[in-house]
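Before any comments, here is the structure.
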2 protein chains.
Amino acid sequence: MQDHPKKSDQNIDFGVLDEFLGYRLRRAQMNFFAKFGEVCDDLGISPGLFAVLAIVDRNPGLTQTAVAQALGNDRSAMVAAVDKLEGKKLLERRPAANDRRSYALFMTEEGTAFFANAVERVSCYENEMAKCLESDKEKQWLLDMLERLAHKSL
Amino acid sequence: MQDHPKKSDQNIDFGVLDEFLGYRLRRAQMNFFAKFGEVCDDLGISPGLFAVLAIVDRNPGLTQTAVAQALGNDRSAMVAAVDKLEGKKLLERRPAANDRRSYALFMTEEGTAFFANAVERVSCYENEMAKCLESDKEKQWLLDMLERLAHKSL
DNA sequence: TATTGTTATACTCTATAACTATA
DNA sequence: TATAGTTATAGAGTATAACAATA
């Protein structure tokens with residue numbers, strides 16, 4: 001075999017994919033998720049669960065639905081997420097004061113410490129990844145850009 | 001209810017999520033996928049299938065495994081993808097010349113036309129989304145940045 | 001009537017392991 | 001022995017619809 005040189009990874013033509021933000025965003029994001037998995041492997045939390053903790057940590061007392069809306073996913077998906085986090089004693093559901101239909105979410109003491117540790121790890125690899133960027137100003141510019149792209153409508 | 005103003009979507013504190021590229025990348029990418037779905041709804045292809053077509057279109061004769069490697073996913077995932085695309089008569093498997101284990105992938109005529117049409121649609125909404133960016137130079141800068149972030153290792 | 005949490009369900013995407021036929 | 005395609009399978013993520021309790 002290999003009498004004729006084959007197309008290898010290096011010389012594949014990506015065509016329009018090279019110019020599409022959608023494709024490039026996906027590849028970059030996949031890499032970030034993979035790195036998150038490596039760094040937080042033993043913690044037993046996914047990027048999604050990390051995001052829930054981040055919201056509850058800064059906004060104690062929110063309902064499940066409010067957290068779901070903030071993160072842009074369906075409230076039905078929050079049930080399993082909160083179940084897991086409550087099972088790990090990282091947060092807890094308390095009956096809401098004014099509405100007996102809903103729960104208010106609060107971090108436990110253990111959860112606060114756990115999350116602080118997780119933030120430290122994630123910050124560490126985020127900074128490592130950000131070494132692709134020239135300056136802190138460039139990173140801020142990129143963050144603003146991504147925020148705009150996340151909310152742009154057609 | 002609502003005697004005390006509740007925390008609404010507008011004043012939720014996203015904490016560290018606001019500074020994390022990983023989170024911002026995910027939100028931006030989710031928006032792009034949602035827009036792709038809206039625009040290509042009737043075409044019956046996902047972003048993943050579109051990417052396969054893009055690679056085969058520009059690199060006729062590649063094996064399934066080569067396409068999988070180019071796109072960064074497992075070769076087992078290619079089976080269903082190629083099955084779907086072949087079922088829609090957009091590409092075809094031909095026995096590889098030198099290796100009876102593998103197939104070479106080629107676009108059909110119909111597939112070429114279909115893909116050209118899809119590219120037109122996706123380009124259209126990509127351009128609309130890119131209006132978030134100040135200039136074409138900025139877009140190129142963003143694409144380069146995303147490419148680096150996609151390949152950065154810890 | 002509308003909303004909260006929940007359940008059931010389903011669909012996509014992704015990854016792993018094992019099998020077969022070839023190399 | 002190693003590789004290409006395949007199959008079976010399992011896990012995560014996401015979304016929809018419907019229900020009971022409550023507003």
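The values are calculated or read from the model by the stated rules, or taken from the named source; none is laboratory data. The shown structure was predicted, so the numbers you read here are calculated from the model rather than taken from an experiment. Methodologically, a virtual Cβ is constructed for each residue, glycine included, from the backbone with ideal geometry; neighbour enumeration extends over all protein chains shown. We work out accessible area using only protein heavy atoms, side chains counted, and drop any ligands, DNA or RNA first. Shrake-Rupley method; radii C 1.70, N 1.55, O 1.52, S 1.80 Å.
For segment B:77-87, the condition of being closer than 24 Å to B:His151 by Cβ, aliphatic (A, V, I, L, M) and surrounded by 15 or more Cβ atoms within 10 Å (Cβ to Cβ) holds for at least one residue.
Number of residues in segment B:94-110 that are out of contact with any Leu (no Cβ under 9 Å at 6 or more places or on another chain) and more than 17 Å from B:Ala68 (Cα to Cα): the value is 6. Taken over segment A:118-152, the criterion of being more than 8 Å from chain B (Cβ to nearest Cβ), open to solvent by 60 Å² or more (accessible area, probe 1.4 Å) and without any contact (Cβ under 8 Å) to a residue 12 or more places away in the chain is satisfied by A:Glu120, A:Asn127, A:Glu134, A:Asp136, A:Lys137, A:Gln140, A:Trp141, A:Asp144. Taking the conditions (1) under 17 Å from the mean Cα position of the chain (by Cα); (2) open to solvent by 50 Å² or more (accessible area, probe 1.4 Å) in turn, B:Thr65 satisfies each one other than (1).
Residues considered: B:Thr112, B:Thr108. Of these, the only one that is surrounded by 12 or more Cβ atoms within 10 Å (Cβ to Cβ), more than 16 Å from DNA strand D (Cβ to nearest atom), free of Cβ contacts under 8 Å to residues at least 40 places away in the same chain and among the β-branched types (Val, Ile, Thr) is B:Thr108. If you check A:Ala68, A:Ala104, A:Ala113, A:Ala80 for being more than 10 Å from chain B (Cβ to nearest Cβ), more than 16 Å from DNA strand C (Cβ to nearest atom) and over 16 Å from B:Glu19 (Cβ atoms), only one passes: A:Ala113. Filtered by the rule that a residue be closer than 25 Å to A:Asp18 by Cβ and within 11 Å of DNA strand C (Cβ to nearest atom), segment B:83-96 gives a lone residue, B:Lys84. Just one of the numbered conditions (1) part of a helix (DSSP H, G or I); (2) within 14 Å of DNA strand C (Cβ to nearest atom) is not true of B:Gln140: (2).
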